[in-house]
Each structure stands twice: as C-alpha cells, then as structure tokens.
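Novice: Handing you this structure, nothing more for now.
The values are calculated or read from the model by the stated rules, or taken from the named source; none is laboratory data. All values reported here derive from a predicted model rather than from experimental measurement. Here the Cβ positions follow ideal geometry from the backbone for every residue, glycine too, while neighbour counts run over all protein chains shown.
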Amino acid sequence: MSAHTHRVAGHRLPRRDGVGKVTGKHVYAADFKLPGMLYGRVLRSTRAHALIKKIDASRAAAIAGVRGIITSADIPQIRYGTAVRDTTVFATDRALFIGHAIAAVAATSLEIAERALAAIEVEYEDLPPLFDPEEALKSDIRIHPDWETYKALPIISRNRNIAGQARIRVGDAEAAFAKAHKVYEHRFSTALQHPGYTEPRVATADWDANGIVTVWCNTQLPFDTQTTLAEILDLPAARVRVTVPGIGGGFGGKLRIGVEHFAALLARKTARPVKVMSTSEEELTAALPRQASIVLLKTAVDKEGHLLARSGRIIVDCGAYAGSGPGTAAIALQVMAGPYKPGALAFESVAVYTNKVHSGSFRAPAGPMANFAMECQIDMIAKDLGLDPLEMRLRNVVKEGDPGPSGEIHRSVSIEECLRKAADAIGWHDRNPEPGRGKGIACSWWMTTGGSSGVYVKINPDGSATLVSGAVEIGTGAITGAAQILAEELSLDLTDVNVTGVDTQAAPFDYGAQGSRTTFSVGNACLAAAAELRRQMFELAAEQLEAPIEDMKLQDKHVVAGNKSISIAELARISRLAGGGLIAHGTAISPAPAYDPTRVQNHPLPVWNTPSYHAHAVDLSVDQATGKVTINRYVVAQDVGYAINPTYIEGQIEGGVAQGIGQALSEEIVYQDGRVMNANLTDYKMPTAMDVPEIESIIVECRSAAGPYGAKGVGEPPCIEPPAAIGNAIAAATGCWPNSLPMTAEKIAAAMQVQHS
Amino acid sequence: MNRKILNIVVNGESHQVLIEPHWTLLQVLRNEIGMMGTKENCLEAECGVCTVLLDGKAINSCILLAGQVEGCSITTIEGIGDPEHLHPLQEAFIECGAVQCGYCIPGMILTAKSFLDENPGCRPSRDEIREAIAGTLCRCTGYRKIIDAVATAADRIALSGAKQ
C-alpha cells in the first residue's frame, strides 16, 4: 500500500481527544479528586549537604487537621533507580541538596499541611558541599559514601562520585591526530533546563479493601511507575495499580516517580485518599530537569575538511542521584559522532554526582548538549579552513550503507537531503544579508527507542473499534496516529476508533511515552492486532458468506468477497452471540540492529534503532549594542520516514524548536551556592508567543524498514539542533561563538566587546 | 472558621458559596463549583492556565481573592461552548492542530476570546495575536498553530458579524 492510497493514515485528521481538551471536559490528573481526600505536602531540605541529626514532628502532629506525617524512619528502607539504585523516598541520614525531601504531611487542607511543614523541626549538621562537577571528579568528599553497596545495572561502570562512565572507540584516534592537517580543541557548557510542562506532577492515591493501592497520576511511564512503587511500598506489583486520567505535558520530566510515592505512602499511613501536587517552586528545585553538562572536543581534519579523528569527553552533572544521568551521558557519544562518517573516535562520557537537584531525561536527553558542541565546532573548523559550513558537512555526512559509530549500518539515510532542503529554504547562498544578521545550520541524527508495545483491540457491535493501550497520550497526538493506522487497516474511519484511558490493571504492557516511540511502536502493535482481527472476521465471514477466505478483503467497513459482503458490525454481533466477540492482542518489538560490541563500553544504549536524520537552519539578527537575538526565520527539514499525521508532526517540530530556542537563548535553572535563584516562572524564562518565530517545517519521508508504513520516531529530534544552529548563526552575525548555554544577550554582548577590544 | 457568603454568576448560573477569606477565585471555581476546565499550575499569575473572564475581561483566577468578585459574572471554558456547540475559537483550535497536551488551552482560548471581544469585527495581525496571548505559556506547540487558530476564528467571527 502506498501513502497515496491510504484513506486515514497520512491525512491531517483532528486528534481524538481534541473536543474534550477545548471544552474543559478532558480530565487531567490535577483535576482528579475523591471524597474525603487529604492533601499532602513535602518538607524539603534547606541545606545542600548536611547530616540530619534530628527530626521532631511532634508540634506538627498536634495541629488540628493533620492526619499523618511520615519521614524516612516510617517507611521501608529501599533504594531505587533506573541505572543505579541510589535513590530514597526521603533523605535518610543526610540531606544531599536544597530541596531534598525530608518528610511528608497529609492534612484536611493544603493550608493546614503547609502549617504543619513549618512546624517540623529538623536539626542539621552541615557537610562540605560539591557543586561543580569537575571538582566532584577530583574531590575526596563522597556524596554517596556507601556507593559501592548500591545495586546498579551490570553495564554501568561507577567509581566514587562517578555514577556512570561509558566509551565509544573506533580505530586509532591518537595515530590519526598525529598525522592530521590540523587539530582543533574546544570546550562548551550547557545549563540545567526544566521540562516546563504546564501541569505540575500530581498524584492521588487510595488503598482498597484488598490491599491494592490505586494511583491516579500524570506519569509518562505507568508500568515503570507501577514497578518502582511496588519496590518502594514493598509490595508485589499486582497490588499497585497506576492509571493516568490525563497528562498536561511531560517532555521526559514525568518518566520517573515524581510525587506518586508520597501520595501512596501518606494514603497508607492515614487510610484515606491523599493527593500530592508539586508547587512551581518544587518543580524548579526538586523535579527532574535536563542535566547541565561540559563538553570537551578535539577534532582532526585533512585539508579538505574531512573528519579524520575525534576525541571528546562529556561531563554530565547528575545532581544528588544518578537519575537518568549515566544513560544520558552515554547517549551523548552517539550524538557527538553525529550523522558523519565516524573516522577514528575516542569518546568518553562521565556522569557525576553533585549536591544539586537530581536530573532526568528531558526530550532527546543529551541531544542538544552534545550537538551544540559538535555542530558549533564543525562551523569553527569550516571557518578556519575557509570552507562553507554546509559544504563541510556534505563532505562528511553518512551515505546509505555507511557504518555508524557502533559499527551498525546506516539505512534509509536522508541527511544530505535534509541539509540541502533546510539550506535552500533559508537562502543559504546569502549568509550575511546585512551587518549584524547571520544564518546558521546544524544537523543531527537520533534514535527511535525500541521497547515493546501491546494493544488489545475489540470490535463493538456497532462496528466501531476500541483500542486499549498502556501508552499514555502525552499530547503529541501519538495515540491518534496509532488509531489512524488501526482505522486504515480495518477500513474504518478515525472517528470509529475509541481509545481508552491507561490503567496498568487492564491494559497490556507498553514501554511508555518516551523516546520518540509511541506512534512507531503502538502503531506496529495496531498493525498486528488488525491482522489478527482480519483473520477472525474472515473466518466468521467465510461461514456467513459461504466464500473462500483467500477471496476476502476489508472495504468500507465490510468484509467483501466478490459480489458478497457482510458488515463488520454484523460480524461483531454474530461473534458476540457465538464466539465471545471479536478481540485481538497485537504486539510489537523492535530488535536492536547488529553492531560491533568491541567499540562500545559500559553503554546502556550501545546502538540506535531506526535512526532519523534532520537539519535546522536559522536566520537571525543580533543587536550590536545589547547582544539581543531576534530570530527572523527558522526552518527544519526532518526525516519522519512516513508522515502518519502531518499536522501533529509539524506540531512536534514547532514545539520542540521552541523548547530548543529556550535552551539556546534564555532557559537556565540558576544555582548559587547550592540554592536555586530563579524558582518561579517569571525568572525561569521559557519562550512566550513573543519569543518564538513562525517555525517552518519541511517533512522528509525516507521510509524505514521497521516502522508502521515506514515511519521513524518524530517527537524528540526537533529540540536537538536549535542551540547549535542558533550558535552558528550568532557567529555568522557577530564573528564570535558564545560557547555556553544559554546564549543570553549579556554573554553575546560580552563576547562582542572582547572581540572589538 | 471565618466564612462568608459569596454571590457570583458563573457561566450564566447564579451561585451562593460559603468561602474563606483567603480563597482565590480559582479555588472557588475548581473546588466549590466544579468548573475543572479552569486549570491550576503556578498560582503566581505567571503561566496563564487559570485564565477566566471576569465581566468579559481575561484575568488570572489564581491570584484574585474570591471575596473581590462579589456580584460579578465569570465565564469559564465550559461557558463558551460544549462538545455539540463549539465556539468558533474551540472549533479552530481543533481544526488547526493547536491542541497538544491541552492543559494551557482553556486559558489560551479565553485569553483570545477576551482579545477578540475587545476588538469587535477586527482581523488581527499575527503580531497582534502574539502580543495578546503572550501571558499564557504553552510548552507543547511553539505557538504557531495557536496563532493560526486565533486568526482563523477571528476571520470567521468577523465574517458572521458582517453578515448579521
């Protein structure tokens, strides 16, 4: 089937949850409430690194309306975590950052809960803190003195304050450096960035008569949350039910446990339903932001600008717990390799503990950090060699069948097409149309995360279909995309497909709304379910129509065999009476491609599935006095494999670029002496409608072998290239590269001043 | 408890609510009247998701004390249209793909409605729309399709106004 013959897939159809969302009917986790519900709040450390000598909650417990207080002493002593099991619900004997949870209170109102927090007395004894990740690498101070006793994934290599260290090595980089035409070394840094979802993390928990706790929350990963909660509560997973009524954005910030454990533990303690919702201040001081990083890159080239060898080190600041840091740091190595012929590589990642907020997996973890360094350095080298930056990239990009950094083979490669289309659209031939104005380009590749998906699909007696998936619709339109695939395969309209809410007790497993995988993987599971439903319907129709199965097809909501036909609705009704109804379980898994394990060490994601390719180009002006950047135009050419719904693909591109512009120019959780200085949404500067230009999307379709109809992952890539593309355009406009994010007007003005003096 | 009676009209219906003096309009709408379409986030008038119309003008309900709106008329997202009778703005937001997670959308639509109502018959430029909605943060969309939606709805409203 080609895209042109699709009736439902590939079309700009409205999302299934749109009407609920524009009328206020859509229920989000923040809207959820139960009769008799208590309100929970969390007491957080005011010290960056300190022993906790005493916690006295007796005054707080005496306040009328306080129903329960818990601290570390009241709960199972469990350490949890994805890569390293270093995390606890509350600070145990020591507080590791300002914002570290110390205790939680449930009360009949939020006001009473807050009064109770203020009445809890904590006695601290300060310890010397570590805020700088490079200092933490050298220091004798241990943020986790018992790190050796923690369990971790076997692949993770740890040492002292290092939570994870990975390497990619290809060929002999040292030898290549020795005989290169030129060698360049640069250092870049990037800042801590909040995911910025508009619905705070929130959970309501209630225990039933069978000892099952139900948690209504806004997680992106209900099954991972179920597993982690079961560990924390010391229960079998079957006694934890996680359900997601609706979720107001996530962007990777809601992958891991946020407040669900506080709600569940307080509900157990009080035997009442308890709701816990983060405040804005907690979001900016104690959520799961994108890590700050330092990237050191050394690159050798020949006279023509071919990349001969590259070595590099990324230091990722995890904060107080490893969180997603080890994996994020390791992924940076593939991003640093880029969509380029690898040459010789010697890349190393280091994820390091500091006494700051622990971090997470914000959209394309490591992508923008590593790409900013790598792609700005390409421009710096091009400038030094007198090459056009686009031409230098075109000389180095991978072609079909070239090996990637892990020794895997690049397939359905479109990077050259993306670069040329983005460059043409921005008017690359004229890079400096006027003084103070410049154009920049940057490109990257990114994985489509694997993991398995299951769906149940049943056909209802009115001929409609119900799709039961464990994947959360976080706003991308991914589930509408999967429903389009299902409707296409069953000859239904999109409006015939109803999607249920996510409930771990009822839905089949899904690896979760992460890693640009939802439409890809749930879509594949829908293909499998549709194939099984066709088999069931054709068998039933064979009896009804007295026609051979091999003559049958689905057409316009009917099974058709020659001149005979029977409606899907009729078959569903017959099956209900005779066979328990039409229902199918579809599953999908994308196996990782073959690679060379000798190249990759201690890497939790050693090879990328179904990579996508993309290029961004920007035209901007820099105020020569103040350094203020105004983006005139922004173009993205992104290979999506097959555009299942172009409207929502554009939505992903436009939204991802806006986040990338924020990271490039204004967003930073600013720490001073371990304290966040801008823990509110006025001082933490996310782009408003006044700051984002009209982002232009060019959708490139180079079909993949593994995705539904050839689709590739879409959601994460758009936020990868903006810092590099914008950095390169600032350099084209001003002659200087700000090498640290965010590239604020202040930094740009300072760089221009240095250049002029 | 120091409760007092508040009389307000919400979406055309009169309500008498017993409130505490520190309660905000947002708390009254969500907790007492059940208008959950009015969203809750920063509680500091920084993000705009709690926007409602107070006597037709967009305001942040999270920092307005409920006691201050005695006798006033409030419009929430539930008051401008329902699934069977969508307001042109609601229709255009769906049509233009302006909705992703949707959490900011009630506030965004009401902000846009207040702006269009203040400028009857006008077809605002994209820059004017940007300025009008700049007080409401959206992290999903990058705003382009929201601007498309407001422009589309403004055109349709102006056209239907011209016909009448």
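Novice: Return the total of residues in segment A:623-677 being under 28 Å from A:GLY18 (Cβ atoms) and either in contact with a Leu (Cβ under 7 Å, 6 or more places away or on another chain) or not assigned by TED's automatic domain parsing to the domain that holds A:ILE698 (or both).
Specialist: 1
Novice: Can you name the residue in segment B:29-49 that is in contact with a helix residue (DSSP H, G or I) (Cβ under 9 Å, 6 or more places away or on another chain) and part of a helix (DSSP H, G or I) and, of all such residues, is nearest to the other protein chains (Cβ to nearest Cβ)?
Specialist: Within segment B:29-49, the first condition is being in contact with a helix residue (DSSP H, G or I) (Cβ under 9 Å, 6 or more places away or on another chain), and the residues that meet it are B:29-30, B:32, B:35-44, B:46-49.
In the following step, the residues that additionally are part of a helix (DSSP H, G or I) were identified as B:29-30, B:32.
On the way: B:LEU29: 11, B:ARG30: 8, B:GLU32: 12 Å.
Across segment B:29-49, the extreme among qualifying residues is B:ARG30.
Novice: State whether the residues of segment B:140-150 include one that is charged (D, E, K, R), in contact (Cβ under 8 Å) with a residue 12 or more places away in the chain and assigned to a helix (DSSP H, G or I).
Specialist: Step one: list which residues in segment B:140-150 are charged (D, E, K, R), which gives B:144-145, B:148.
In the following step, the residues that additionally are in contact (Cβ under 8 Å) with a residue 12 or more places away in the chain were identified as B:145, B:148.
Then drop every residue that is not assigned to a helix (DSSP H, G or I), which leaves B:145, B:148.
Scanning segment B:140-150, I find at least one residue that is charged (D, E, K, R), in contact (Cβ under 8 Å) with a residue 12 or more places away in the chain and assigned to a helix (DSSP H, G or I), so the answer is yes.
Novice: List the residue pairs whose Cβ atoms are under 7 Å apart, where the first residue sits in segment B:89-110 and is facing chain A (nearest Cβ under 8 Å) and closer than 17 Å to A:GLY656 by Cα, the second is small (Gly, Ala, Ser) and not in a loop (DSSP other than H, G, I, E, B), and the two are 6 or more positions apart or on different chains.
Specialist: Close Cβ pairs (under 7 Å, with a partner that is small (Gly, Ala, Ser) and not in a loop (DSSP other than H, G, I, E, B)) amount to B:GLY97/A:GLY651; B:VAL99/A:GLY18; B:GLN100/A:GLY651; B:GLN100/A:GLY655.
Novice: Something else about it: Got a number for residues in segment A:169-208 being outside any loop (DSSP other than H, G, I, E, B) and either away from every other protein chain (no Cβ under 14 Å) or among the aliphatic types (A, V, I, L, M) (or both)?
Specialist: Applying the first criterion (outside any loop (DSSP other than H, G, I, E, B)) to segment A:169-208 yields A:169-170, A:173-178, A:182-190, A:193, A:202-207.
Okay, now just the ones that are also either away from every other protein chain (no Cβ under 14 Å) or among the aliphatic types (A, V, I, L, M) (or both), so A:169-170, A:173-178, A:182-190, A:202-203, A:205-207.
Residues in segment A:169-208 being outside any loop (DSSP other than H, G, I, E, B) and either away from every other protein chain (no Cβ under 14 Å) or among the aliphatic types (A, V, I, L, M) (or both): 22 in total.
Novice: Then there's this: Is it the case that A:GLY512 is over 15 Å from A:TYR642 (Cα atoms), within 14 Å of chain B (Cβ to nearest Cβ) and in contact (Cβ under 8 Å) with a residue 60 or more places away in the chain? Break it down into steps so the answer makes sense when it comes.
Specialist: Details: over 15 Å from A:TYR642 (Cα atoms): yes; within 14 Å of chain B (Cβ to nearest Cβ): no; in contact (Cβ under 8 Å) with a residue 60 or more places away in the chain: yes.
The answer is no for A:GLY512.
Novice: Listed residues B:GLY81, B:GLY97, B:GLY107, B:GLY102; which is crowded, with 24+ Cβ neighbours inside 10 Å, within 29 Å of A:HIS11 (Cα to Cα) and in contact with a His (Cβ under 7 Å, 6 or more places away or on another chain)?
Specialist: Numbers: B:GLY81 fails: crowded, with 24+ Cβ neighbours inside 10 Å; B:GLY97 fails: in contact with a His (Cβ under 7 Å, 6 or more places away or on another chain); B:GLY107 fails: in contact with a His (Cβ under 7 Å, 6 or more places away or on another chain).
Checking each option against the conditions leaves just B:GLY102.
Novice: Which residues, taken from segment B:4-28, are of a type outside the set (A, V, I, L, M, F, W, C), away from chain A (no Cβ under 13 Å) and farther than 21 Å from B:ALA112 by Cα?
Specialist: Of segment B:4-28, the ones of a type outside the set (A, V, I, L, M, F, W, C) are B:4, B:7, B:11-16, B:20-22, B:24, B:27.
Narrowing further to those that are away from chain A (no Cβ under 13 Å): B:4, B:7, B:12-16.
B:LYS4, B:ASN7, B:GLU13, B:SER14, B:HIS15, B:GLN16 - these are the residues of segment B:4-28 that are of a type outside the set (A, V, I, L, M, F, W, C), away from chain A (no Cβ under 13 Å) and farther than 21 Å from B:ALA112 by Cα.
Novice: Something else now. Looking at A:ALA482, is it under 22 Å from A:PRO611 (Cβ atoms), at pLDDT 95 or above, of a type outside the set (Lys, Arg) and not assigned by TED's automatic domain parsing to the domain that holds A:GLU416?
Specialist: Values: under 22 Å from A:PRO611 (Cβ atoms): yes; at pLDDT 95 or above: yes; of a type outside the set (Lys, Arg): yes; not assigned by TED's automatic domain parsing to the domain that holds A:GLU416: yes.
Spelling it out, A:ALA482 is indeed under 22 Å from A:PRO611 (Cβ atoms), at pLDDT 95 or above, of a type outside the set (Lys, Arg) and not assigned by TED's automatic domain parsing to the domain that holds A:GLU416.
Novice: Let me ask something additional. Of the residues that make up segment A:217-226, is at least one over 20 Å from the mean Cα position of the chain (by Cα), modelled with pLDDT of 95 or more, closer than 21 Å to A:ILE479 by Cα and not charged (D, E, K, R)?
Specialist: First, pick out the residues of segment A:217-226 that are over 20 Å from the mean Cα position of the chain (by Cα): none.
Within segment A:217-226, none of the residues are over 20 Å from the mean Cα position of the chain (by Cα), modelled with pLDDT of 95 or more, closer than 21 Å to A:ILE479 by Cα and not charged (D, E, K, R).
Novice: Being surrounded by fewer than 20 Cβ atoms within 10 Å (Cβ to Cβ) and either part of a loop (DSSP other than H, G, I, E, B) or out of contact with any Pro (no Cβ under 9 Å at 6 or more places or on another chain) (or both) is the filter here, so list the residues in segment A:599-641 that pass it.
Specialist: A:GLN601, A:ASN602, A:PRO604, A:SER621, A:ASP623, A:GLN624, A:ALA625, A:THR626, A:LYS628
Novice: Kindly indicate whether B:ASP82 is farther than 23 Å from A:GLY249 by Cβ and facing chain A (nearest Cβ under 7 Å).
Specialist: Values: farther than 23 Å from A:GLY249 by Cβ: yes; facing chain A (nearest Cβ under 7 Å): yes.
Criteria met by B:ASP82.
Novice: Only one of (1) under 20 Å from the mean Cα position of the chain (by Cα); (2) assigned by TED's automatic domain parsing to the domain that holds A:ASP683 is not met by A:ALA344, so which one is it?
Specialist: The single condition A:ALA344 does not satisfy is (1).
Novice: So is A:PRO273 modelled with pLDDT of 95 or more and in contact with a His (Cβ under 9 Å, 6 or more places away or on another chain) or not?
Specialist: On the way: modelled with pLDDT of 95 or more: yes; in contact with a His (Cβ under 9 Å, 6 or more places away or on another chain): no.
So A:PRO273 fails the test.
Novice: Say we look at segment A:49-78 and pick out the residues that are assigned to a loop (DSSP other than H, G, I, E, B) and touching an Asp or Glu at 6+ places or on another chain (Cβ under 6 Å); which of these is surrounded by the fewest Cβ atoms within 10 Å (Cβ to Cβ)?
Specialist: Out of the qualifying residues, it is A:PRO76.
Novice: Inside segment A:578-598, can you point out the residues that are closer than 15 Å to A:ASP462 by Cβ and not in a strand (DSSP E or B)?
Specialist: The one that is closer than 15 Å to A:ASP462 by Cβ and not in a strand (DSSP E or B): A:GLY581.
Novice: Additional query: For residues in segment B:50-78 being assigned to a loop (DSSP other than H, G, I, E, B) and acidic (Asp, Glu), which is farthest from the other protein chains (Cβ to nearest Cβ)?
Specialist: Looking only at segment B:50-78, we keep the residues that are assigned to a loop (DSSP other than H, G, I, E, B), and these are B:50, B:55-56, B:61-64, B:70-72, B:76.
Keeping just the survivors that are acidic (Asp, Glu) gives B:55, B:70.
Numbers: B:ASP55: 20, B:GLU70: 22 Å.
So the residue we want is B:GLU70.
Novice: Restricted to segment A:675-686, and to residues that are more than 8 Å from chain B (Cβ to nearest Cβ) and part of a loop (DSSP other than H, G, I, E, B), which residue is nearest to A:LEU284 (Cα to Cα)? Please lay out each step first, then the result.
Specialist: Restricting attention to segment A:675-686, the residues satisfying the condition of being more than 8 Å from chain B (Cβ to nearest Cβ) are A:675-679, A:683-685.
With the extra rule that they be part of a loop (DSSP other than H, G, I, E, B), the set shrinks to A:677-679, A:683-685.
Details: A:MET677: 10, A:ASN678: 8, A:ALA679: 5, A:ASP683: 11, A:TYR684: 8, A:LYS685: 12 Å.
Filtering segment A:675-686 for residues that are more than 8 Å from chain B (Cβ to nearest Cβ) and part of a loop (DSSP other than H, G, I, E, B), the one nearest to A:LEU284 (Cα to Cα) comes out as A:ALA679.
Novice: Okay, next question. Taking the condition of being in a loop (DSSP other than H, G, I, E, B), within 11 Å of another protein chain (Cβ to nearest Cβ) and out of contact with any Leu (no Cβ under 8 Å at 6 or more places or on another chain), how many residues in segment A:15-36 meet it?
Specialist: Narrowing segment A:15-36 to residues in a loop (DSSP other than H, G, I, E, B): A:15-17, A:24-28, A:32-36.
After this cut, where a residue has to be within 11 Å of another protein chain (Cβ to nearest Cβ) as well, the list is A:15-17, A:24-28, A:32-33.
Next, only the ones that are out of contact with any Leu (no Cβ under 8 Å at 6 or more places or on another chain) stay: A:15, A:17, A:24-28, A:32-33.
Of the residues in that region, 9 qualify.
Novice: Counting just the residues of segment B:84-94 that are closer than 22 Å to A:GLU199 by Cβ and buried (at least 24 other Cβ atoms within 10 Å of the Cβ), which one comes out farthest from the chain's Cα centre (by Cα)?
Specialist: B:PHE93
Novice: Inspect all residues belonging to segment A:259-281 and state whether any of them is of a type in the set (D, E, K, R), crowded, with 24+ Cβ neighbours inside 10 Å, touching a helix residue (DSSP H, G or I) at 6+ places or on another chain (Cβ under 9 Å) and in a helix (DSSP H, G or I). Outline the logic, then answer.
Specialist: Looking only at segment A:259-281, we keep the residues that are of a type in the set (D, E, K, R), and these are A:260, A:268-269, A:272, A:275, A:281.
Of the ones still in play, those that are also crowded, with 24+ Cβ neighbours inside 10 Å are A:260, A:275.
From what's left, touching a helix residue (DSSP H, G or I) at 6+ places or on another chain (Cβ under 9 Å): A:260, A:275.
If we keep only those that are in a helix (DSSP H, G or I) as well, we get A:260.
Yes, the conditions are met somewhere in segment A:259-281.
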